[in-house]
Each structure stands twice: as C-alpha cells, then as structure tokens.
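Asks: Handing you a structure now.
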Amino acid sequence: METIGSRIKHARNARQLTQKQVADHLGIKRVSVTQWEGDTTTPDLERIPALAGILDVSVEWLLEANGAPPQANPTTRTKGFKPEITKGQELVRPHKSLPLYAAARGGDGHVIVTFEAIEYLKMPTILEGVRGGYGLLITGESMSPAYRPGDMALVNPNLPPQRDTDVVLYHTPPGDAGDTEAIIKRLDGLNDREWTLEQYQPPKIFKEFRADWPVCHRVVGKYNSR
C-alpha cells in the first residue's frame, strides 16, 4: 500500500463499501473513486478529511501510511446490504480528546473553517487542561514551509495576542458549528486598530483592521503530515 490509491481501495474493502457508496457520500461521480484507486488522479486535499471519515481511517494514515492499516471485516457482505455511515459528531468521544477541524481554501489567502469536528485525536500535552483547544488541518501554501498542506496546527484559543507568534484570526466569532472565515499568519505586531501580519509564500507583510478580524487564537504547536 505504497500509494494513496491503494490505501483508499484497501480501506474501502475493509469497511465493505462500494465505490458508489463512497462517491455518493462525497457528492462526486463513482468514476472519480475508480481513478483515485487506480492512481490515475488523487483526491483534492479538501476532500481528504471527509474521505478519511467515511473510510474510518486517520488522515495521517491515508496521506502518509502512518500507523496500522484498517483490518478487513471477516463478515460476509449480504447482497444489497448498505452499511449505515455514522457521522463523526455522533461517535463516542474519548476522554480528553482533541477535536480536529478542516479548512477549505477561500479567496485572497483566506480559509473557511467548518467547526464540526472531522476527527477526535489524543490530546497533546501542550493542550492538556486547555478549555476549547483544537486542531486545525492546514490547506494552502501561504505559510509554507512552516506549515504545509496536511499539517495540523494546535490552537489555544485562550492565550492573548502576542508578537512573533503564529495565529488564526477569525472574521466572525467561531461557533459550535457552521463555517467561519479565517486567516492563518505570523503576528509581527499589533496596536489598538490593526494587526501586522506576515506570510511566507509569496513573502508579504501586510495589515488588517482588528475590527474586521476581531478574534485571535494563538497556534502553540503542530503535527507534521510527513
């Protein structure tokens, strides 16, 4: 299982799902799943969290084969049987678990964060005891090489803004569910009116009004996808 296509096929068979069931869950055509499994094409990064969810595997295993592969269910599939897919938020959450949220690309280097956990992970030490701590799956190249697509930022929403730290700024206060516009940048400076921000690809230092981006969450660590 050296390719993502072979891992998708293995996990799908282990869960006893058809290509059509996977495609229907993702809102795509079945041929797209066929092409993924044949390594003709690869899934868009934005689809990886949902794909990992339906296949019941971690994002890390799907992208990089980190961890043990899913085991095939020995139960013989009944003809016409369609297994029910349980949504992530309905699963039992482990004690002190870390919610992982996905981000899709928006315009002008922004991202759209969906505050509905795609996965629950073991709580990292740096966020133990932190109220509301979460992980954010990175998309886009604007902060590369510090953060590459597929990396997970570890976020403490309770720390105050501080210069020379990485931050997530929100256009509107994040809620328990729904989509929120955000930017992930380096905080070079701040005053009562503005944030001074830095990105790496392409290199740029710019300002944003705090009235437009009133919520600042500090990034305190990350998990590499590689």
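The values are calculated or read from the model by the stated rules, or taken from the named source; none is laboratory data. The structure displayed is predicted, hence computed values, not measured ones. Note that we place each Cβ from the backbone using ideal geometry, even for glycine, and neighbour counts take in every protein chain shown.
Asks: Just to be sure, is ALA72 modelled with pLDDT under 85 and under 22 Å from the mean Cα position of the chain (by Cα)?
Replies: So ALA72 does not fit the description; no.
Asks: Go through segment 123-209 and tell me which strands (runs of 3 or more DSSP E), entirely inside it, have 1 or more residues that are over 17 Å from the mean Cα position of the chain (by Cα) and of a type in the set (S, T, N, Q).
Replies: 165-170, 194-200
Table: residues versus (1) out of contact with any Cys (no Cβ under 7 Å at 6 or more places or on another chain); (2) surrounded by fewer than 16 Cβ atoms within 10 Å (Cβ to Cβ); (3) in contact (Cβ under 8 Å) with a residue 60 or more places away in the chain; (4) not assigned by TED's automatic domain parsing to the domain that holds PRO99.
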| site | (1), (2), (3), (4) |
| --- | --- |
| PRO149 | yes, no, yes, no |
| VAL167 | no, no, no, no |
| LYS185 | yes, no, no, no |
| LEU190 | yes, no, no, no |
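Asks: With respect to PRO161, is the statement that it is within 20 Å of LYS204 (Cβ to Cβ), in contact with a Ser or Thr (Cβ under 8 Å, 6 or more places away or on another chain) and touching a residue at least 12 places away in the same chain (Cβ under 8 Å) true?
Replies: no
Asks: Just to be sure, is HIS10 at pLDDT 75 or above, touching a Pro at 6+ places or on another chain (Cβ under 9 Å) and outside the structural domain of PRO174 (by TED's automatic domain parsing)?
Replies: Yes.
Asks: Please verify whether segment 25-45 includes one or more residues that are polar (S, T, N, Q) and in contact (Cβ under 8 Å) with a residue 40 or more places away in the chain.
Replies: No, segment 25-45 contains no residue that is polar (S, T, N, Q) and in contact (Cβ under 8 Å) with a residue 40 or more places away in the chain.
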